[in-house]
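Worksheet: the structure to be examined is printed underneath.
Quick note: the coordinates plus some simple rules give every number you see, no bench work behind them. Worth saying up front: this structure is predicted, and the values here are computed from it rather than measured. Cβ placement follows ideal geometry from the backbone for every residue including glycine, while neighbour counts extend to all protein chains displayed.
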Number of protein chains: 2
Amino acid sequence: MTGFFSSRWVDAPPHVTEASDDRLPSGFRAAGVAAGIKPSGGLDVGLLACGAPDAVSAARFSASGVLAAPVLVTQERARLDALRAVVVNSGNANAATGRPGLDEAARMQGAAAMAAGVPNDQVAVASTGVIGVQLDGQKVVNGLLAANARLSPDGAGELAEAMKTTDVLDKRATLDVELPSGRVRLTAQCKGAGMISPRFATMLCFVQTDARLEPETADLLLGVCVKRSFDRVSVDGQLSTNDTVVLIASGESGVAIAPESEDELRFGEALDALLRQLALLMVRDGEGSARVGRVVVHGGHPHGVERAARAVANSPLVKTALHGGDPNWGRIAQAVGAALLGTAPLALDIAIEGIRVCSGGMALPVDDAALQRAAAREEVEYEIGLPGEGAEAEVFFSDLGHGYVTINAEYTT
Amino acid sequence: MTGFFSSRWVDAPPHVTEASDDRLPSGFRAAGVAAGIKPSGGLDVGLLACGAPDAVSAARFSASGVLAAPVLVTQERARLDALRAVVVNSGNANAATGRPGLDEAARMQGAAAMAAGVPNDQVAVASTGVIGVQLDGQKVVNGLLAANARLSPDGAGELAEAMKTTDVLDKRATLDVELPSGRVRLTAQCKGAGMISPRFATMLCFVQTDARLEPETADLLLGVCVKRSFDRVSVDGQLSTNDTVVLIASGESGVAIAPESEDELRFGEALDALLRQLALLMVRDGEGSARVGRVVVHGGHPHGVERAARAVANSPLVKTALHGGDPNWGRIAQAVGAALLGTAPLALDIAIEGIRVCSGGMALPVDDAALQRAAAREEVEYEIGLPGEGAEAEVFFSDLGHGYVTINAEYTT
């Protein structure tokens, strides 16, 4: 397996293969158009439509206290277990836009329902881009008219393009999954510019399959896989107003995935690998980014390992060291200590790429040259041991380089 | 008043004046020497000694779970209400150094007690610099022999110099304070390189006065003033392993500060202004730093306003916008939302330098040119309103520019 599954931290299951074609699963069509929202003139309105009347869905959203209007509208006015269409625009997040913003998001929902041929409450609305500027919904409506005419089973690329803001890497996949009950297709389009976002590190991800799922199964699998992927990455530690993940299953393959079956296990493995690799691509997609880090913390307390892992992944001192390929593990010790207040003296173990540098809270003699080489790899793994056993947490994180500062400080508006 | 009190955010009380000379308060002597710990050959060992047998003190420390050996030794082996000496080295934090590190810190304490002529348990030990490297205590001991011979009432400058790592600005003051019961002197030496620290944003601060304080008064005043100063700054959001603040009162002025007296109020005001200005100097002392921000959050919930203020101050997106002089308030909305999960839709108000940009969660039309000018000032104030009343939190924060990345990523070791 080459191509999509590029990270050593994602195990591509043997029953998952990248498709040779680029078609959406049976029952889905998509399109992307340029509607004049992005100043660049690029694609900025996307539409995904599912023709299966009994499609099943699941969704996850940002928990931010400042939610964008499309998220509020989708949560309040859509049947999250029976979505059949998604409308997305880039260039404007429709966040901090008050009542007018809600009206525009509702208008997008209605226009997308018309274009996709589904009821209003089966449409999810998503936006990404600048915050605090009113969205011109008429542009989206006009765009949807054009998108309607372009809807195609081959439209995933256009849809993904229409979601991008400052994304550089393509973040999508077309996978075939061999299940005991038959073959299904699994596709996804994701955006998330991570640390390079001049406006926001908004992440959106839309997943499609022609497997037949129960709503409870779809919700369970998406929940578990999001927790192991998009919930395990730190770009700049900033939670967006617009984060949205939507899974839709058309069922048109005829392959039914029964709860607690071998089919469910295998499908779950495929979805897990897919979302984890997409999450890693988000982390990697930082301008000026040189390296991706993975921190794994072991210990006795679930909250402690979680807090320590996130503190390391979010530390600008650790991120700059990662960027420079600097095995400066004192910064890791510092971040862990700051996450676990009042626990001193802490018997802390640290290893970088398997090289132990700190044991029981004390520096160890190391082969400096070997450590330097390890810290300069493209993917760098930090393993941290806290007292106790039984709990583990991992976080993937990007580095912090000049590109982040340049895009976020110098491209003022 | 010019000079030390340079920020509009610190009110220099009318009864506080900068001294024309540079002498420590009566009863104190200090020195700094080059002991060969810093590769640069600069001053790296400092000693502060108080000759008053009945001096009174108070101290505050980092709450990190990874505390440096000097902090552990000071907490465990010193009488924190009766300190009469401080020994400090720069160039090595003596952190993550295990048992040998504790032995070296204890050795520093003993040698400093000899040099200062006080019992071991009246000596505080402080270190700052690289983490995870064993400290050569013999160098410190040799340095203390030399420092002993140099101890002088005029030694505050040397002491401050010996505390520096990557600090650029001098962060010390010599103040005279007019109290109803008489005049006292108040001096302080502080280090904290904030965002430019190549190794750690360790902060140390030593405060001296010749006022006579009860131990309870010293502890109360230091606690309150630290909460309003060093506890209200965000450099890179990183808590150090070595943070130490020590206040020593010699009592040699003969001016006694009784609890709940007008003297206590006035002395407290002076200490508050002193520590707040020192904290602001720490924030300002970032390489490549262009601006300092202040965020003030009002609302109904003490924890909510606190979390929101710290989230804004720690956000790399807000910090890069501040650096670029960009009035990108969507990033502020995003940071507040991320701090207050599950509260959407949030009636959020935002003003930048008094210009209202968001009201009730909705963007307001603004004079863009005026807003651009406001965001490009040297000190930029962000005022945030959350629902409710009665609670307020403020945080001062530095920006995030190329200098931070350069020093922290490119100067590898």
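Provide the convex hull volume over Cα atoms per residue for segment A:34-150, in Å³.
That works out to 86 Å³ per residue.
Hey, what do the phi angles of segment B:216-230 turn into as Karplus ³J(HN,Hα) couplings, whole Hz, using 6.51/-1.76/1.60 and θ = phi - 60°, x for Gly and Pro?
Working through the residues one at a time gives 5, 5, 4, 5, 4, 5, 5, x, 5, 6, 5, 4, 8, 10, 5 Hz.
If I take R0 = 60 Å and measure r between the Cβ atoms of B:Ala63 and A:Glu262 in this structure, what FRET efficiency does the formula 1/(1 + (r/R0)^6) give, to the nearest 0.05?
Efficiency, rounded to the nearest 0.05: 0.75.
Just the projected area, averaged over all directions, of the convex hull on the alpha carbon atoms of segment B:240-318: how many nm²?
Mean projected area of the Cα convex hull: 8.8 nm².
With unit charges on the beta carbons (Lys and Arg positive, Asp and Glu negative) and the dipole taken about the Cα centre of segment B:124-281, which residue among B:Val177, B:Gly132, B:Ala270 sits farthest to the positive side?
Value: B:Gly132.
At a Förster radius of 35 Å, what calculated FRET efficiency corresponds to the Cβ-Cβ distance of A:Glu76 and B:Glu392, to the nearest 0.05?
After rounding, the FRET efficiency stands at 0.60.
What angle do you read, to the nearest 10 degrees and between 0 and 90, between the alpha-carbon axis of helix B:302-314 and the longest principal axis of chain B?
Taking the Cα atoms of chain B, the angle to B:302-314 is about 90 degrees.
Relative to the other copies, what are the label-point distances for A:Gly51, with labels 7 Å from Cα along the C-beta vector, expressed in nm at one decimal and sorted shortest first?
9.7
Between B:His301, B:Leu317, B:Leu341, whose Cα lies farthest towards the positive end of the dipole of segment B:292-410 when Lys and Arg beta carbons carry +1 and Asp and Glu beta carbons carry -1, centred on the Cα centre?
Going by the Cα projections, it comes out as B:Leu341.
Which whole number of Å³ per residue matches the convex hull of the alpha-carbon atoms in segment B:16-284?
It comes to 104 Å³ per residue, whole-number rounded.
Under the rule of at least 5 residues apart or a separate chain, name every residue whose amide H is placed under 5 Å from the amide H of A:Ala256.
A:Arg212
Placing the label point 7 Å from Cα along the Cα-to-Cβ direction, what are the distances from B:Gln372 to the equivalent spots in the other copies, shortest first, in nm to one decimal?
Ordered by increasing distance: 4.7 nm.
Can you list residues whose amide H is under 5 Å from A:Leu83's amide H, if they're 5+ apart or on another chain and H is modeled 1.01 Å from N?
A:Ser57
Just to confirm the number: angle between the C-alpha axis of helix B:98-116 and the first principal axis of chain B, 0 to 90 degrees, nearest 10?
Approximately 60 degrees, to the nearest ten.
Modelling each spin label as a point 7 Å along the Cα-to-Cβ direction, I'd like the B:Arg228/A:Ser359 distance in nm, to one decimal.
5.0
Using amide H atoms built in the peptide plane, which far-off residues or other-chain residues are under 5 Å from B:Gly91 H to H?
Correct list: B:Thr128, B:Gly129, B:Val130.
In bins 20 Å wide, starting from 0, what share of all Cα pairs of the protein assembly as shown does each bin hold, as a percent?
That works out to 16, 43, 29, 11, 1, in percent per bin.
In debye to the nearest 20, how big a dipole does the protein assembly as shown give about its Cα centre with +1 on each Lys and Arg Cβ and -1 on each Asp and Glu Cβ?
My answer is approximately 660 debye.
Could you work out the mean count of beta carbons from other protein chains within 10 Å of each residue's beta carbon in A:337-349?
6
Partner chain Cβ atoms within 10 Å, averaged over the residues of B:360-369 - can you pull that number for me?
For this peptide, the per-residue mean of nearby foreign Cβ atoms is 4.
If you take the beta carbon distance between B:Ser152 and B:Ala19 as r and set R0 to 22 Å, what does 1/(1 + (r/R0)^6) give as a FRET efficiency, to the nearest 0.05?
0.85
So for each of B:354-364, B:179-189 I average, over its residues, the number of other beta carbons within 10 Å; can you give me the resulting order with the highest mean first?
Highest mean packing first, the order is B:179-189, B:354-364.
Could you name the lysines whose alpha carbon sits less than 19 Å from that of A:Lys227, not counting residues in the same chain fewer than 8 places away?
Leaving aside lysines fewer than 8 places away in the same chain, those within reach of A:Lys227 are A:Lys171, A:Lys191.
Could you tell me whether segment B:292-410 comes out rounded, prolate or oblate from its Cα gyration tensor? Rule is a ≥ b ≥ c as square roots of the eigenvalues, rounded for a/c under 1.5, then prolate if a/b exceeds b/c, otherwise oblate.
Judged from the Cα gyration tensor, segment B:292-410 comes out oblate (a/c at least 1.5, b/c at or above a/b).
Percent relative contact order of chain A, based on C-alpha pairs within less than 8 angstrom and at least six residues apart?
After rounding, I find 18 percent.
Give the cross-link partners of B:Lys164 among the aspartates and glutamates, using a straight C-alpha distance below 16 Å as the criterion and excluding same-chain residues fewer than 8 apart.
B:Asp44, B:Asp243, B:Asp285, B:Glu287
Ignore the peptide's own chain and count Cβ atoms of other chains within 10 Å of each Cβ in B:311-320; give me the average, rounded.
5
So what are the ³J(HN,Hα) numbers for segment A:387-404, from phi and the Karplus equation (6.51, -1.76, 1.60; θ = phi - 60°), rounded to whole Hz, Gly and Pro as x?
x, x, 9, x, 10, 8, 9, 10, 9, 9, 8, 8, 8, 10, x, 5, x, 4
So how compact is segment A:206-345: Cα radius of gyration and Dmax in angstrom?
Gyration radius and largest Cα-Cα distance of segment A:206-345: 18.5, 59 Å.
Lone cysteines in chain A, going by a 4.7 Å Cβ-Cβ cut-off?
If one checks each Cβ against the other cysteines of chain A, A:Cys50, A:Cys225, A:Cys358 turn up with nothing under 4.7 Å.
Helix-only mean residue ellipticity at 222 nm, the protein assembly as shown, DSSP H runs n ≥ 4 weighted -39,500 (n - 2.57), per residue, nearest 500. What is it?
Only helices count here, giving -9500 deg cm²/dmol.
Quick one: what are the phi-derived ³J(HN,Hα) couplings along segment A:49-61, Karplus 6.51/-1.76/1.60 with θ = phi - 60°, whole Hz, x for glycine and proline?
Using θ = phi - 60°, the values come out as 9, 10, x, 7, x, 9, 4, 10, 9, 8, 8, 9, 9 Hz.
Based on alpha-carbon positions alone, could you give the equivalent ellipsoid semi-axes of segment B:338-398 from the gyration tensor, as √(5λ), descending, whole Å?
22, 16, 10
About its Cα centre, how strong a charge dipole does chain A have in debye, to the nearest 20, once Lys and Arg get +1 and Asp and Glu get -1 at the Cβ?
980
What nm distances, shortest first, do you get from the label point of B:Gly388 to those in the other copies when the point sits 7 angstrom along Cα to Cβ?
So the label point of B:Gly388 gives 3.0 nm to the other copies.
Treat each spin label as a single point 7 Å out from the Cα along the C-beta direction, and report the A:Gln372 to B:Ala369 distance in nm.
In this crude label model, A:Gln372 to B:Ala369 measures out at 5.5 nm.
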